[in-house]
Amino acid sequence: MNDITSVLLAGVGGQGVLRASDILAEALLEAGYDIKKSEVHGMAQRGGSVTSFVRFGKKVYSPTAAKGSAAILLSFEKMEALRYLDYLMPGGRVLISDEEVNPPACSLGLAKYPSAVDEFISAVTKDIEHIPAVAIALEAGNIRAANTVLLGALSPFLPVSTEIWEKTLRHSFPERLFALNWQAFILGRGQSD
Amino acid sequence: MKKQLLSGNEAIARGAFEAGITFASGYPGTPSTEIMETFAKYKGVYAEWAPNEKVGLETAIGAALVNIDAMAVMKHVGVNVAADPLFTVSYTGIEGALVIITADDPSLHSSQNEQDNRNYAKFAKIPMLEPANSQEAKDFVKLAVAISRQFDTPVFLRTTTRLSHSKAPVLIEERISEEAKREVRQAAITFDTAKYVMVPANARVRRGEVEKRSALLREFAETFPENIMEINDTKVGIITAGVPYEYAKAAFPDYSYLKLGMVYPLPEKLIREFAQRVEKLYIVEELDPFLEEQIKAWGITVIGKEVFPARGEFDPGIIVKGIAGSSEAASVLPTIPARPPNMCPGCPHRGLFYALKKSGKVFVNGDIGCYTLSFLKPLEGLHSCICMGASVSMAHGMSKALGAAGKGKVVAVIGDSTFLHSGITPLLNMVYNKSNVLVIICDNRTTAMTGMQEHPATGFTLQGEKTRAVDFVALAKALGVDNVSIVDPYNLEETQAAIKAGLASDSVSLIVSHRACVLFKRAGETAKPALQVDGDKCTGCRVCLSLGCPALAWRDFAGMPAEEIKRNTKKQEGRVFIETSLCNGCSICQQICKFAAIG
């Protein structure tokens with residue numbers, strides 16, 4: 001577990017979490033790192049909880065990380081950051097989208113969406129950054145680019161050059177969608193700088 | 001040479017292609033599904049979805065019998081379905097190569113059990129390889145083909161969910177050349193009844209061949225290049241295989257390792273040698289003490305399930321806990337609402353199960369597919385789910401055992417793909433042995449849960465060719481079911497009427513609940529506009545919420561801005577909103593709203 005950086009992406013099925021983790025993994029591979037990424041899909045499309053570990057370094061063995069070892073938790077949805085907080089290392093960085101997606105219990109009025117999210121997170125780390133991913137995605141031109149916004153917000157904290165990010169994003173989207181996603185990425189990056 | 005990020009499944013498919021496998025059959029099943037989907041796209045290969053894994057394996061056996069390199073692909077419980085041909089092809093062997101992929105599911109991410117299919121290798125006396133990462137997943141398929149031909153045996157390749165769905169860099173290589181293929185892999189019919197007709201007299205001879213082959217394989221295992229001894233710090237030695245190797249290396253990179261690429265048969269001499277070279281020996285394996293029991297039987301002292309869990313998948317933290325005894329930091333998590341998967345907005349099963357619920361207190365035997373999710377609150381629509389096809393058989397058994405007391409109380413619900421997998425034979429049983437059950441086929445026109453695959457009633461093959469489509473009504477009638485009807489589950493009135501008639505019947509009834517899965521878009525189907533709740537009419541009765549549709553959300557008036565609150569009854573506490581981005585326009589909520597508030 002030395003010299004390996006673990007990033008945990010978390011969100012709700014349909015938010016593009018796994019797409020984002022694929023792009024992140026490709027960028028890191030292009031930057032010359034050994035990488036392993038894990039995901040559990042299938043349940044994802046049906047509004048379930050979705051997570052993906054992306055681990056990179058000189059030589060990566062395990063595709064998953066032990067609890068308390070992720071350097072960065074990138075959460076695409078507010079509540080999901082809480083659900084996986086155990087995996088964050090003490091003092092680790094949390095990047096959290098402000099989007100709230102009600103799970104069935106909340107939609108039915110049987111449970112309340114947690115309100116004190118920041119309070120809980122600050123018990124583990126003070127390094128919390130909120131990203132209005134949906135608003136920024138709309139500014140870039142399409143709500144579905146919210147996941148690219150979040151990748152942009154994550155990018156300043158990773159050893160990957162802007163050139164490589166651009167190359168990877170060009171590879172990852174059809175030509176007609178590149179400009180929008182690059183714009184979303186840059187705007188997201190602007191949030192973190 | 002460039003490396004590509006491939007999942008374990010993509011790597012297995014690529015490995016099959018590079019190895020010269022040109023034939024594959026299987027049935028969708030998480031975590032194996034992408035293997036077939038990826039393989040099917042390569043040029044020059046034949047890949048099919050069979051109705052079930054037994055047919056899939058038998059089909060692959062047929063291909064291997066004419067000197068083709070063939071592959072059968074299935075999840076762990078799929079091997080149970082394929083077990084009959086499995087045990088006997090172990091005796092006969094084949095002419096070409098036969099690789100059987102078993103995709104196990106430790107931690108039951110997506111399955112009804114977490115059985116450890118390494119046991120099948122020992123049980124059926126078939127060698128099994130287990131890769132630890134995507135690169136090995138690709139390489140081991142080629143090794144499996146070579147071993148299959150060299151020893152005239154089917155060969156298992158085992159993957160688990162974590163390997164199948166993790167991605168890692170893989171070196172892409174050339175496919176075996178056409179010349180090399182032509183030399184050994186010309187398809188040709190071989191007549192050899194002594195080898196392939198397994199009447200007892202012949203089978204006894206082949207049984208002897210199995211013993212000879214097993215001895216040769218045990219010897220081969222001793223020098224198999226993927227059984228790798230890494231001598232480092234000899235204070236601790238770890239014997240392991242598959243993804244657990246990666247977890248252990250991540251946790252303790254400096255200990256000594258014996259990494260087994262072949263988990264059956266085991267290399268006894270190599271294991272003894274490794275045991276002698278280390279002070280303390282651990283076995284790191286998920287699920288059953290499969291390796292542990294065999295190694296202990298040789299009198300070697302090892303620590304396994306004493307310190308490691310016998311259930312669930314591992315991670316580096318579990319390895320550390322087992323060996324170093326450290327405990328995890330206490331959880332900092334508050335209790336937060338669960339987020340289970342749910343049926344999509346507009347799912348046709350929602351209408352069906354709502355109608356079924358309104359029909360009275362019945363025991364619904366369920367089966368495996370998206371409709372299984374109806375068991376969640378608030379629909380709570382099914383009461384049993386054991387394995388593929390069990391809904392129909394169990395309903396028959398219940399009905400016969402209850403006799404007259406069971407009339408109108410027993411229902412079986414089964415998906416279209418599941419029905420074709422293993423629902424036909426128990427439906428036949430119902431008619432033949434005369435039970436009184438309502439059977440409902442949830443016909444959403446696809447194999448949905450696993451990602452929208454084709455099946456024999458969709459009209460298309462895996463590789464996209466048009467083909468005959470099974471007519472469920474005609475099939476049911478041919479089996480002897482007299483009461484057959486088709487309903488649209490988006491039409492609650494029609495569906496409820498058909499269910500009522502079915503429950504009142506004195507013999508087997510079949511309803512085909514026919515409406516395509518909302519995620520499944522064949523060209524030409526247009527989306528319906530989203531519906532809305534009229535705040536001037538909604539009384540907050542919450543009846544629509546009993547559908548459990550993700551697009552419907554309740555909001556308390558407490559906490560809403562005063563100008564948005566409209567009480568239509570004195571005691572109204574809140575109202576329902578429809579999330580426009582989620583609503584599919586199926587109109588089921590509209591049909592049950594008594595206040596015409598949805599439109």
Revision key, fill the gap. Here the convex hull volume per residue of chain A, taken over Cα atoms and given in Å³, is 115 Å³
Point to revise | Other-chain or far-sequence residues with amide H under 5 Å of B:VAL437's (modelled H) | key: B:VAL508, B:SER509
Practice item. Using packing as a proxy for protection, rank B:188-194, B:3-9, B:568-574, B:104-110 so that the peptide with the highest average count of other Cβ atoms within 10 Å comes first. Key: B:3-9, B:104-110, B:568-574, B:188-194
Check your understanding: Along each of its three principal axes, how wide is the spread of alpha-carbon positions in segment B:142-223, in whole angstrom units, largest first?
Key -> 50, 32, 26
Check your understanding: So how long is each side of the protein assembly as shown along the principal axes, counting just the alpha-carbon atoms, biggest first, in Å?
Key -> 83, 71, 51
**Study point:** Extension gain from B:PHE87 to B:THR234, taking 0.36 nm per residue of separation minus the Cα-Cα distance
**Key:** 48.9 nm
Practice item. May I ask which residue of B:VAL284, A:GLY92, B:ASN119 lies farthest towards the positive end of the charge dipole of the protein assembly as shown, with charges of +1 (Lys, Arg) and -1 (Asp, Glu) on Cβ and the Cα centre as origin? Key: B:ASN119
Point to revise | Where N is the number of residues in segment B:21-102, Cα Rg divided by 2.2 N^0.38 Å | key: 0.97
Review point. Where does each of B:TRP298, B:TRP554, B:TRP49 land when they are ranked from fewest to most other beta-carbon atoms within 10 angstrom?
Key: B:TRP298, B:TRP554, B:TRP49
Practice item. Pick out, in residue order, every one of the trypsin sites (Lys or Arg not before Pro) in segment B:411-490 that is DSSP loop and has at most 16 other C-beta atoms within 10 Å; say none if there are none. Key: B:LYS434, B:ARG468
Exercise for review: Under 10 Å from the Cβ of B:LEU6, count the other residues' Cβ atoms, weight Lys and Arg +1, Asp and Glu -1, and hand me the total.
Suggested key: +3
Practice item. Grab the Cα-Cα distance for B:ALA146 and B:LYS466, subtract it from 0.36 nm times how many residues apart they are, and report the gain in nm with one decimal. Key: 111.7 nm
Check your understanding: With a sphere of radius 15 Å drawn around the Cβ of B:TYR255, what net charge do the other residues whose Cβ falls strictly inside it have (Lys, Arg +1; Asp, Glu -1)?
Key -> 0
Practice item. Report the FRET efficiency, 1/(1 + (r/R0)^6), for B:LEU171 and A:SER115, where r is their Cβ-Cβ distance and R0 is 45 Å, rounded to 0.05. Key: 0.35
**Study point:** Radius of gyration and maximum dimension Dmax of segment A:89-156, Cα, Å
**Key:** 14.2, 40
Review point. What does the charge add up to near B:LEU108, with Lys and Arg as +1, Asp and Glu as -1, over the other residues with Cβ less than 15 Å from its Cβ?
Key: -4
**Study point:** Förster-model FRET efficiency, 60 Å R0, B:SER384 and A:SER161, C-beta, rounded to 0.05
**Key:** 0.60
Review point. Over segment A:1-94, one equal point on each Cα, no solvent: what is log10 I(q)/I(0) by the Debye formula at q = 0.18 Å⁻¹?
Key: -0.75
Exercise for review: Show the residues, 5+ positions off or on another chain, whose built amide H is closer than 5 Å to the amide H of B:GLY26.
Suggested key: B:GLU48, B:ALA50, B:VAL73
Exercise for review: Please give the length that would be gained between B:ALA338 and B:GLU494 if that part of the chain were fully extended, namely 0.36 nm times their separation in residues minus their C-alpha to C-alpha distance (nm, one decimal).
Suggested key: 52.7 nm
**Study point:** Low-density loop positions, GluC sites (Glu not before Pro), segment B:82-186 - DSSP coil, at most 15 other Cβ in 10 Å
**Key:** B:GLU173, B:GLU174
Revision key, fill the gap. Of all GluC sites (Glu not before Pro) in segment B:247-291, the ones in DSSP coil with at most 13 other Cβ atoms within 10 Å are B:GLU279
Exercise for review: Return the whole-Å distance between the Cα centroid of segment B:250-297 and the Cα centroid of segment B:136-174.
Suggested key: 21 Å
Practice item. Give the Kirkwood hydrodynamic radius (Å, one decimal) of segment B:526-599, defined as one over the mean of 1/r across all pairs of different Cα atoms. Key: 12.6 Å
Check your understanding: Once every DSSP H run of n ≥ 4 in chain B is given -39500 (n - 2.57) and the sum is divided by its residues, what mean residue ellipticity at 222 nm do you get, rounded to the nearest 500 deg cm²/dmol?
Key -> -10500 deg cm²/dmol
**Study point:** chain B - Rg (one decimal) and Dmax (whole number), Cα, Å
**Key:** 27.5, 88
Check your understanding: Where does each of A:ASP34, A:ASP22, B:ASP471 land when they are ranked from fewest to most other beta-carbon atoms within 10 angstrom?
Key -> B:ASP471, A:ASP34, A:ASP22
Check your understanding: Using the beta-carbon distance between B:PHE557 and B:ALA504 and R0 = 56 Å, what value does 1/(1 + (r/R0)^6) give for FRET efficiency, to the nearest 0.05?
Key -> 0.80
Point to revise | Cα-based equivalent ellipsoid, segment B:348-514: semi-axes from gyration tensor eigenvalues, Å | key: 23, 18, 15
**Study point:** Measure of compaction for segment B:228-324 (Cα Rg per 2.2 N^0.38 Å)
**Key:** 0.95
Check your understanding: Which of B:TYR46, A:TYR61, A:TYR84 comes first, and how do the rest follow, when ranked by fewest Cβ neighbours within 10 Å?
Key -> B:TYR46, A:TYR84, A:TYR61
Study note, to complete from the structure: The answer for A:ALA111, listing residues at least 5 apart or on another chain whose modeled amide H is closer than 5 Å to its amide H, is A:CYS106
Practice item. Would you mind estimating how fast segment B:1-141 diffuses translationally, via Stokes-Einstein at 25 °C and 0.890 mPa s with the Kirkwood radius over Cα pairs, in µm²/s? Key: 164 µm²/s
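We did not get these values from a lab; they are worked out from the coordinates using the rules stated. Computed from a prediction, not measured in an experiment: that's the story for all the values here. Note: ideal-geometry Cβ built from the backbone for every residue, glycine included; neighbour counts use all protein chains shown.
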